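All of the numbers you see were taken from the coordinates with simple rules; none came from a lab. Quick caveat, the model's predicted, so the values are computed rather than measured. So basically every Cβ, Gly included, is an ideal-geometry build from the backbone, and we count neighbours across all protein chains shown.
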There are 2 protein chains.
Amino acid sequence: MQMKTGVEQSVYAILILNMLPNRAILPGEAISQQLGTSPTYFQKLLRKLVSADLITSVTGVKGGFKLKRKPEEIRVYDVYLAIEGQQSLYSPSGILDDMLDLEKEDECCLLTDLMDEAESTWKTVLERETIKSLYEESTNRFPEKMEGLKEWVRERMVL
Amino acid sequence: MQMKTGVEQSVYAILILNMLPNRAILPGEAISQQLGTSPTYFQKLLRKLVSADLITSVTGVKGGFKLKRKPEEIRVYDVYLAIEGQQSLYSPSGILDDMLDLEKEDECCLLTDLMDEAESTWKTVLERETIKSLYEESTNRFPEKMEGLKEWVRERMVL
DNA sequence: GTACTTTTACTCGGATACCGTCTGTCCGAGTAATTATGG
DNA sequence: CCATAATTACTCGGACAGACGGTATCCGAGTAAAAGTAC
């Protein structure tokens, strides 16, 4: 039970896209280069983020990606959902129903309520943090390093 | 990112072992039969529960398993730990360190704090519920069915 | 009837195979800006 | 100089290969109760 590595990559990718000036765009390969991940696989992650309406894509020459929402409206949980999907961490298998020989309408899983609640509190924490808050935190901790990254973005962006 | 099915099986297995009278023992195969799972794989789960000090085993003829602790001292989280292991759900990959070109002592992951906190609250919920509380809940909801199961256990137990 | 041996029914733990999912690669198609070409 | 065609640099989405972990099976070894055997 481990979170996919794609979630972390996606968060940082969005953090980079957040450095773009208005209407500017960054090609996917530039981002994957900065992240140091495999370009082809990273493209698949980007498409998931597009499907989830977190970023927009522009096709053709001078194409690329940019944020679709304001950074304060992109929660870490949104990124998680986009990459991992919305299925819950626990899926009951109905063992208890067989053991107790329960009818259809009585079907139950003692653990479901508990697990759902646990996952819900977990989710709540991930909903608190947004790209904006992450961005501010990192610029506070590493102002000059982040400025350098921003500079890099400006060199690679188009439009 | 899905919880292993073994966690649910283990919880129900312990729930069954909780029906044993004092000093009685139940062979692993009887349990797996009741759960309707593959006997060989289920044995591996049982051994994990033994290693985690949740249950004790008796070898030889008339051998089997029984609870090692009182049901109120076995939390769902203990079972989870025994099966899934104690590794955290999120493991940072250090991408940000490379991006910002951080030194060793500055190494950081913006997401670690958040993820750790999320997992912590999740854990807390799983620590609340114990085998005892699950057992009481199920006997309240299905008193006669649970009594039937208890009867089955008495037929299969040894010693 | 007692001491000893054999059988039996379990757990223990390793080796191994299967299978689904995550990771990663490749390719053809679509798209739009840029460049080349022809009049 | 303008219209059109070809090239280029991207995204899109599917097909597919490899790695890894969870699931599942098998087997030999250890253990202790029970059953069998010898005297």
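What to note about this one:
- Conditions (1) within 12 Å of DNA strand C (Cβ to nearest atom); (2) in contact with a Leu (Cβ under 8 Å, 6 or more places away or on another chain); (3) in contact (Cβ under 8 Å) with a residue 24 or more places away in the chain: number failed by A:ILE31: (1)
- Of the helices (runs of 4 or more DSSP H) lying entirely inside the range B:52-159, those containing at least 3 residues that are surrounded by 14 or more Cβ atoms within 10 Å (Cβ to Cβ) and facing chain A (nearest Cβ under 8 Å) are B:95-100, B:110-128, B:131-141, B:143-156.
- Flag for B:SER57 being touching a strand residue (DSSP E or B) at 6+ places or on another chain (Cβ under 7 Å) and either within 14 Å of DNA strand C (Cβ to nearest atom) or touching a residue at least 24 places away in the same chain (Cβ under 8 Å) (or both): yes
- Subset of the range B:60-83 that is out of contact with any Lys or Arg (no Cβ under 6 Å at 6 or more places or on another chain) and of a type in the set (Asp, Glu) - its residue that is nearest to DNA strand C (Cβ to nearest atom): B:ASP78
- Looking only at the range A:21-40, residues that are out of contact with any Pro (no Cβ under 6 Å at 6 or more places or on another chain) and either within 7 Å of chain B (Cβ to nearest Cβ) or farther than 26 Å from A:PRO143 by Cβ (or both) come to 8 in all.
- Residue check for B:GLN34: touching a Ser or Thr at 6+ places or on another chain (Cβ under 8 Å) and not charged (D, E, K, R): no
- The set of residues in the range B:41-51 that are surrounded by fewer than 17 Cβ atoms within 10 Å (Cβ to Cβ), away from chain A (no Cβ under 14 Å) and within 14 Å of DNA strand D (Cβ to nearest atom) comprises B:GLN43, B:LYS44, B:ARG47, B:VAL50.
- In the range B:20-36, the residues that are β-branched (Val, Ile, Thr) and surrounded by 20 or more Cβ atoms within 10 Å (Cβ to Cβ): B:ILE31
- Among the residues listed as B:ASP78, B:ASP53, the single one being more than 24 Å from A:SER93 (Cα to Cα) and not aromatic (Phe, Trp, Tyr): B:ASP53
- For A:ASN18, the stated conditions do not hold, so it cannot be described as polar (S, T, N, Q), more than 16 Å from DNA strand C (Cβ to nearest atom) and more than 13 Å from every other protein chain (Cβ to nearest Cβ).
- Meets criteria (surrounded by fewer than 17 Cβ atoms within 10 Å (Cβ to Cβ) and basic (Lys, Arg)) for A:LYS4: yes
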